[in-house]
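What follows is a set of notes on a single structure, which appears directly below.
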Amino acid sequence: MSKMHLKLTVNGEAHELLAEPRELLIHVIRERLNLTGPHIGCETSHCGACTVDMNGRSVKSCTVFAAQANGAEITTIEGIGAPGALHPLQEAFREHHGLQCGFCTPGMITRAYRFLQENPSPSEAEVRMGMAGNLCRCTGYQNIVKAILSAAAEMNTVKEAAE
Amino acid sequence: MNELAPISREQRVENLKGLGCSRKRVEDVRFTQGRGNYVDDLKLPGMLYGDFVRSPYAHARVKSVDKSAALAVPGVVAVLTAEDLAPLNLHWMPTLAGDKQMVLADGKVLFQGQEVAFVVANDRYVAADAAELVVIDYEELPVVVDPFKALEPGAPVLREDLDGQTTGAHGDRRHHNHIFLWEAGDKAATDEVISSAEVVAEEMVYYHRTHPCPLETCGCVASMDAVNGKLTVHGTFQAPHVVRTVASLLSGIEEHKIRVVSPDIGGGFGNKVGVYPGYVCAIVASIVTGKPVKWIEDRMENLTATAFARDYWMKGRIAATKDGRITALSCHVTADHGAFDACADPTKFPAGFFSIMTGSYDIPVAHVGVDGVYTNKAPGGVAYRCSFRVTEAAYFIERMIEVLAIELGMDAAELRRINFIRKEQFPYQSALGWEYDSGDYHTAWDKALTAIDYQGLRREQADRVEAFRRGETRKLLGIGLTHFTEIVGAGPVKNCDILGMGMFDSCEIRIHPTGSAVARLGTISQGQGHATTFAQILASEIGLPADSITVEEGDTDTAPYGLGTYGSRSTPVAGAATAMAGRKIRAKAQMIAAYLLEVHDGDLEWDVDRFVVKGAPERFKTMKDIAYASYNQAIPGVEPGLEAVSYYDPPNMTYPFGAYICVMEVDVDTGVCDVRQFYALDDCGTRINPMVIEGQVHGGLTEALAIAMGQEIAYDEIGNVKTATLMDFFLPTAWETPHYTTDFTETPSPHHPIGAKGVGESPNVGGVPAFSNAVHDAFRAFGLRQSHMPHDHWRVWKIAHDLGLHG
């Protein structure tokens, strides 16, 4: 199968690679770029463990061809916060026990990261609906919702203080 | 250096972050940054990928396998079939339940999705391509998916390999598709009480087939190092040490030449207890090719081939006096085990701990018989967030109580109350042979009923029924009650083993010179937060801060042998081992402190983080001081260093319990059920980390919601799995999941070193009957007695329809 020449920017870093047209974005991210934060949970776009941010939208990278991401700006969990300077969502998930096995967490936080840009001051119901594309088998969501609401409040406070 | 001001005792306790503290999890720093290390993240040089060719048929003869086209694909290294494994005697493998199971189809297939060939290639896409090109000629055979039909005289013979064998691992087989009959209790006495009872309720209660479905599927990377002859297997193993032993027994490789590693595990819930063909094939492929081989299930494979749970048809009879005193309980189970008996139970318990079915009630006499049956379904029968069939037992008794309440015309809460085992009866001997360690059911029950204003809810429900009859509403109100008793912490070595390995567990502690420590355990966390909570147990025992204690699990080269994490056994067994090992450390520390303080051992007392000379509180040595001294002082009669190990054989199981109440709005016309309120009171004995307990309860309740309200592994009549993707297999999202209110009472276990009982499974055990009882209760006024789960919208609509509520 002839390969395609692709250029992607992932977490601010430019990459060029050759990929088969059928190659999935999640495989390129995990296996070629060695960013193993996003996970594979279902391969049918139901679970959201593979969620990454692509050109300002949440996508499930298990059902996006790498070819569709040509030229795209992608952010994975590895690009959200850094050791010693965690994103408020990462802090809040820990503070509110919003994770257990951790397998859904990268996708969950990556989705929440975009969701709070779409809706910076959501209600609980809006969080639940906005996060409904990401499944968690461990937490029952209650503490995830709590963490996202808390991070939203924290981010809004910081924003207001800056303004 | 200036002396720091002495800190208060309270501050010293707080600094430890020990028992009872909602310590934030140490695991989360990695996980929130995407730095977990799950098996599919592992990439070894030269690694190959394995993929299965699976049977599309539920029952068929395999007439031929042609792998030539697959082998011709560039990048394909090998295609393994049963024929290739037979010379190694690995085409079949033993199951945990005393049966055997095909690794790759040997002459026939017995369930849809069964492994037929294993393709190994240098890339996962190539392996998948080549799997498509393996040509298999099947001859279809009659399919049996109904366990009752499987036992009919003319039913097709499923297990030809057992032809003529009238005895199995658990006694007589009375039919070619029969596996075992297992019984407990006094049948004659039970039948006698029932036949002369004032009131008898009889019902068939079905707990449908479902699947643990952790978000991470099963997988492994097997790597045989031909140079030093060592096999390393990284994988999703809830019991890594047992996997090492099994791998050694099957392969003939000596156990010290095998290293099994469970890295981070993305949820287990029982799915990752068993040994699956994928593991065996990856190991063989690595030995054959000399390269590391990775095998990772996809979701469809996970749901169709590895580890179903439940599938129990429970025919019950419960007898009582007219005023509601239960006098006897009987149950016969037809247990659908699928094509191979691969249930994950302690060896001597082919129906697990189902005989806990008398639940929270003082029932004088009882009997249970379980018939295991082969069908053309996937093997498994794992304990999905459950201690070996406790979920089935709890569902059974909590449904039978409701049915009895209907029969008696009694309030179901009151019926429970008058039959509870009383506080003063503990330790309580159940009619089916268990010794319940401790409990205070009445206190928990009253607290729960008060918290939700039970009487007020019943009034509201009655008003709703009247309003419905007047045509003013189309929604009914259900109040789902449950009081469950668990049996966890398997278990005493005298009667609990897995493949001959006693179900003890272990902890090994090494204190470093500067006063930090590493503790290694025989268990393995799959999200339970062991690295956080076991350090808390230890902090309270040895007086070093939890933040200074690293907990490691899952690497058989470094961790002491243990039986792993499932059945809520980590806290009851490994948690006890941790406390006991900590006490050994403290005993040695006391000798060292006595030497340093120049007093007799007996003149010292332990105070939070130090030994203090009795009556002279200014004279003390902290554990940190003692740790340093143990490495740098020659102390007469005391070996250098500060280490301890404990292998803990629990004297009994632990019996957590709880009271759950679900308030549900049921739409008669759409079948949609909305949980308005869910109150969960858990008593898991001593509470180690309330935050983690609450998280476990939230998660377990959500799994229970899924099971009760929609999740199932369903088959059509020719054995096709109808729920093989997450499109059809219900996992609730944040939107469907209700808000939970948690509460607790605390009744310590008298035999556990710190009184802890375990909690991980309670919310699943108690949650399923609470949700299901709520659905039933909504329709009680209209004559509903029993309706099978899952209560999805269609089935609930059908209940309403059959009761004539659609006009």
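The numbers here are math on the coordinates, done by the rules we state, and not lab data. Keep in mind that this is a model prediction, so the values were computed, not measured. Note that each Cβ is placed from the backbone with ideal geometry, even for glycine, and that neighbours are counted across all protein chains shown.
For the stretch A:87-163, the residue among A:Y113, A:C138, A:L149 whose Cα projects farthest onto the positive side of the dipole built from Cβ charges is A:C138.
Distance between the modelled labels on B:R30 and B:E132, one decimal in nanometres: 3.7 nm (7 Å Cα→Cβ projection). The string of couplings for the stretch B:397-408 from the Karplus curve (6.51, -1.76, 1.60, θ = phi - 60°) is 5, 6, 6, 5, 4, 5, 5, 5, 4, 5, 4, 7 Hz, one whole number per residue in order, with x for Gly and Pro. Where both residues lie in the protein assembly as shown, what percent of DSSP beta bridges are antiparallel, nearest 5? Roughly 80 percent of the beta bridges in the protein assembly as shown run antiparallel, per DSSP. In terms of overall dimensions, the C-alpha atoms belonging to the protein assembly as shown reach 86, 75, 69 Å along their principal axes, ordered largest to smallest. In the stretch B:699-807, one over the average inverse separation of all distinct C-alpha pairs is 16.4 Å, which is the Kirkwood hydrodynamic radius.
For the stretch B:228-244, the Karplus equation 6.51 cos²θ - 1.76 cosθ + 1.60, evaluated at θ = phi - 60°, returns couplings of 9, x, 10, 9, 10, 10, 8, x, 7, 10, 6, 9, x, 5, 5, 4, 4 Hz by residue, with Gly and Pro reported as x.
Charges were assigned to the Cβ only: +1 to each Lys and Arg, -1 to each Asp and Glu. The resulting dipole of the protein assembly as shown about its Cα centre is roughly 560 debye.
Would you please classify the overall shape of the stretch B:456-570 from the alpha carbon gyration tensor, given that a ≥ b ≥ c denote the square roots of the eigenvalues, rounded means a/c under 1.5, and beyond that prolate means a/b larger than b/c while oblate covers the rest?
Values: a/c = 4.20, a/b = 2.39, b/c = 1.76.
Since a/c reaches 1.5 and a/b is larger than b/c, the shape of the stretch B:456-570 is classed as prolate.
Each of B:M789, B:A734, B:I754 was placed along the dipole of chain B (beta-carbon charges, centred on the mean Cα), and the one lying farthest toward the positive end is B:I754.
If you place +1 on the Cβ of every Lys and Arg and -1 on the Cβ of every Asp and Glu, how big does the dipole about the Cα centre of the stretch A:88-162 come out, in debye to the nearest 20?
260 debye
Annotation: peptides B:779-790, B:550-561, B:117-128, ranked by per-residue average of other Cβ atoms within 10 Å with the highest first, follow the order B:117-128, B:550-561, B:779-790.
Take the residue pairs B:K100/B:K377; A:K60/A:K146; B:K67/B:K100; B:K17/B:K624; B:K348/B:K494; B:K63/B:K108 and return only those whose Cα atoms are more than 18 Å apart. List each step's numbers first, then the result.
On the way: B:K100/B:K377 15 Å; A:K60/A:K146 23 Å; B:K67/B:K100 26 Å; B:K17/B:K624 16 Å; B:K348/B:K494 11 Å; B:K63/B:K108 8 Å.
Violating the 18 Å limit, Cα to Cα: A:K60/A:K146; B:K67/B:K100.
The local environment of B:R474, defined by Cβ-Cβ distances under 11 Å, has a net charge of -2 under the rule Lys, Arg +1 and Asp, Glu -1.
What translational diffusion coefficient, in µm²/s and rounded to a whole number, does the Stokes-Einstein relation yield for chain B at 4 °C and a viscosity of 1.567 mPa s, taking the hydrodynamic radius as the Kirkwood radius over Cα pairs? Before the final figure, lay out the partial values.
Details: Rh = 28.0 Å.
Translational diffusion coefficient: 46 µm²/s.
Based on Cα contacts under 8 Å between residues 6+ apart, chain B shows a relative contact order of 15 percent. Per residue of A:139-152, other chain Cβ atoms within 10 Å of the residue Cβ number 5 on average. Over all other residues within a Cβ to Cβ distance under 9 Å of B:V573, the charged ones net out to -1, with Lys and Arg as +1 and Asp and Glu as -1.
Rounded to the nearest whole Å³, what is the per residue volume of the convex hull around the Cα atoms of the stretch A:88-162?
Convex hull volume per residue, Cα atoms: 75 Å³.
Scalar couplings 3J(HN,Hα) for the stretch B:534-545, obtained by applying the Karplus form with A = 6.51, B = -1.76, C = 1.60 to θ = phi - 60°, are 5, 5, 5, 4, 5, 4, 5, 7, 10, x, 9, x Hz; x denotes Gly and Pro.
Think of the protein assembly as shown as a dipole: +1 on every Lys or Arg Cβ, -1 on every Asp or Glu Cβ, centred on the Cα centre; then among B:L303, B:G270, B:Q536, B:Q536 lies furthest on the positive end. The charge dipole of chain B, taken about its Cα centre with unit charges on the Cβ of Lys, Arg, Asp and Glu (plus for the first two, minus for the last two), comes to roughly 760 debye. Whole Å is fine, so just give me how far the alpha carbon centre of the stretch A:88-129 lies from that of the stretch B:650-705. Going from one Cα centre to the other spans 23 Å. Comparing Cα centroids, the stretch B:187-239 and the stretch B:13-62 end up 20 angstrom apart.
Summarised in one figure, the compactness ratio Rg/Rh of the stretch A:4-79, Cα atoms and Kirkwood Rh, is 0.91. Extension gain for the segment B:V157 to B:D225, taken as residue separation times 0.36 nm less the Cα-Cα distance, is 20.2 nm to one decimal. Considering only A:P88, A:P21, A:P106, the Gaussian network model of chain A with Cα springs below 10 Å gives its largest mean-square fluctuation to A:P21.
Report the local net charge at B:H175: Lys and Arg +1, Asp and Glu -1, summed over other residues whose C-beta lies under 13 Å from its C-beta.
Working: positive: B:K149, B:R159, B:R173, B:R174; negative: B:E152, B:D163, B:D172, B:D371.
Value of the local net charge: 0.
Taking Cα atoms only, the orientation of helix A:142-162 departs from the longest principal axis of chain A by about 80 degrees.
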